[in-house]
1. Using Stokes-Einstein with the Kirkwood hydrodynamic radius over Cα pairs, what translational diffusion coefficient do you get for chain A at 25 °C and a viscosity of 0.890 mPa s, in µm²/s rounded to a whole number?
2. Does the range A:124-275 come out rounded, prolate or oblate by the C-alpha gyration tensor, with a ≥ b ≥ c the root eigenvalues, rounded set by a/c under 1.5 and, if not, prolate when a/b is larger than b/c and oblate if not?
3. Compute the relative contact order of chain A as a whole-number percentage, counting only Cα pairs closer than 8 Å that sit 6 or more residues apart in sequence.
4. Given a cut-off of under 8 Å on Cα pairs at least six residues apart, what relative contact order in percent is computed for the range B:4-106?
5. When only C-alpha pairs under 8 Å and at least 6 residues apart count, what is the relative contact order of the range A:124-275, in percent?
6. Per the helix-only calculation at 222 nm, which mean residue ellipticity applies to chain A, given -39500 (n - 2.57) for every DSSP H run of n ≥ 4 and division by its residues, nearest 500 deg cm²/dmol?
7. Find, among the trypsin sites (Lys or Arg not before Pro) in the range A:221-262, those assigned to loop by DSSP (not H, G, I, E, B) with at most 10 other beta-carbon atoms within 10 angstrom.
8. For peptide A:93-100, what's the mean number of Cβ atoms from other chains within 10 Å of each residue's Cβ?
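Nothing in this text is a laboratory measurement; each read-out follows from the coordinates by a stated rule. Owing to the predicted nature of the structure, the values given are computational and were not obtained by experimental measurement. We place every Cβ from the backbone using ideal geometry, glycine too, and count neighbours over all the protein chains shown.
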Protein chains: 2
Amino acid sequence: MPNRTVFFISDGTGITAETFGNAVLAQFEAQFRHVRLPFVDNAEKAHQAVRQIRHTAEIEGKRPIVFTTLVNEEVRAIIGGACSDSPQSMMLDMFGAFVHPLEQELGLTSNHRIGRFSDISKSQAYNDRIEAINYSLEHDDGQSNNNLSSADVILVGVSRSGKTPTSLYLAMQYGLKVGNYPLIPEDFDRQQLPPALTPLKKKLFGLTIDPTRLAQIRNERRPNSKYASLENCRYEVSAAEAMMRRTGIRWLSTTTKSIEEIATTILQEIKPERLAY
Amino acid sequence: MPNRTVFFISDGTGITAETFGNAVLAQFEAQFRHVRLPFVDNAEKAHQAVRQIRHTAEIEGKRPIVFTTLVNEEVRAIIGGACSDSPQSMMLDMFGAFVHPLEQELGLTSNHRIGRFSDISKSQAYNDRIEAINYSLEHDDGQSNNNLSSADVILVGVSRSGKTPTSLYLAMQYGLKVGNYPLIPEDFDRQQLPPALTPLKKKLFGLTIDPTRLAQIRNERRPNSKYASLENCRYEVSAAEAMMRRTGIRWLSTTTKSIEEIATTILQEIKPERLAY
């Protein structure tokens, strides 16, 4: 049973509130019930949110925790006021804590722009991001060598080593054009990288994985196949690692890493120009 | 020219620090130079970060802004101490501001677990998320009707209305299995939904788009084609909207919305069980 109810309230999507709130809550060994209240951008919706928070406080008999990223001062005042009245809630005002000190530091007033994700659908940065997602889909799994040289990063590795989710994450979060290319038995026989990749070595990054874990993942897809056998997985992984070592490609093992950790490490190593990392 | 340099320092990936920092900085009409310092998880790396911050402060003659999500107390003390010495920096200690008040509120001490993304690669939630990404790729653009009934959400709309990026975002961020299905001229002629979708109406959500914007997007792909012509785009959009209205599917226009806003709105409407929204 959850120990406490947590509200994420924003006048935008609430994604920032929830991302940051989750990081803070991960510091506690407790179960939280999440309630997301996005697009709370006027007094009426603020009062509706207050009713919901108070109702929760009353039936649970514990102060709800309320993470807010609110730019609208009226909405913030309504929710802030209600949290300090009985039945109380604990308001963690994420912009309040940092925006006001930054106004002083920068000598600027904040623009009260709601939602950093809004109104950007026609911006160049946004269009570039959509293009990066499309590029990464079209260059998934070595599907196309078209415009491969305009990739920011090209991932290589054996089938099911984590290339596709990592490519899509880099495209989605950072607007990077990411190709990914499987290393297959033919490459190991020739003991060379796929020919299309040879001139692009600076952009290459290798992913490898523990053979036992790989066999497990492949068995979920194709049970009892040669493809999924531990013996074959061991062979492919060791051949791929030997090739990456020989050609001087940077690489990491994805076995115990999340997509976010893999992506962060790749960015540190490759430092794509587009990011001015 | 950027007004100020901003550091994002974390003992994990730094993704939370940057997500939240960007949301705060978006409140100011100023240009910031971003420096990401992830995986700062020991004293040596902390001292290295301090050298970099001090160097920036000296050559720029302005206090750098330092967003931190640091769990390691030693690292936090080294960076915090250095920021208040000359040359000064402005440290915005994101966990410090909220974790300590929460410890009091919950009557728990925080577990100092570094990186909410780490060590999760074998967790059920993480595996589900990877499976959701694979599912969404396999069910992109009506490619497969296999297991369509196990989708959490199925997006429908004309080609290039935003279905693919939205599907992948929902899979990546929320671990949802999302199919997407194009509405094509044959469907408009029959004036019916694609047959595979009829029994799944509760999971359907429609995306539409302004025809002028659609023509612009399609022209980048296939210049001067009938597919991209304004006349054809007008026809497809009006036929698709008529069909969604007639069949009672919930829908929105993606024209001025970001992926994040579209995704948030869909979640509010569909409330997938998996999320306990």
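1. 111
2. Prolate, since a/c reaches 1.5 and a/b exceeds b/c.
3. This gives 14 percent for chain A.
4. Taking the mean separation of contacting Cα pairs over the length of the range B:4-106, I get 32 percent.
5. 26
6. Computed mean residue ellipticity for chain A: -14500 deg cm²/dmol.
7. Loop-located and lightly packed - A:Lys226.
8. Partner-chain Cβ atoms within 10 Å, mean over residues of A:93-100: 5.
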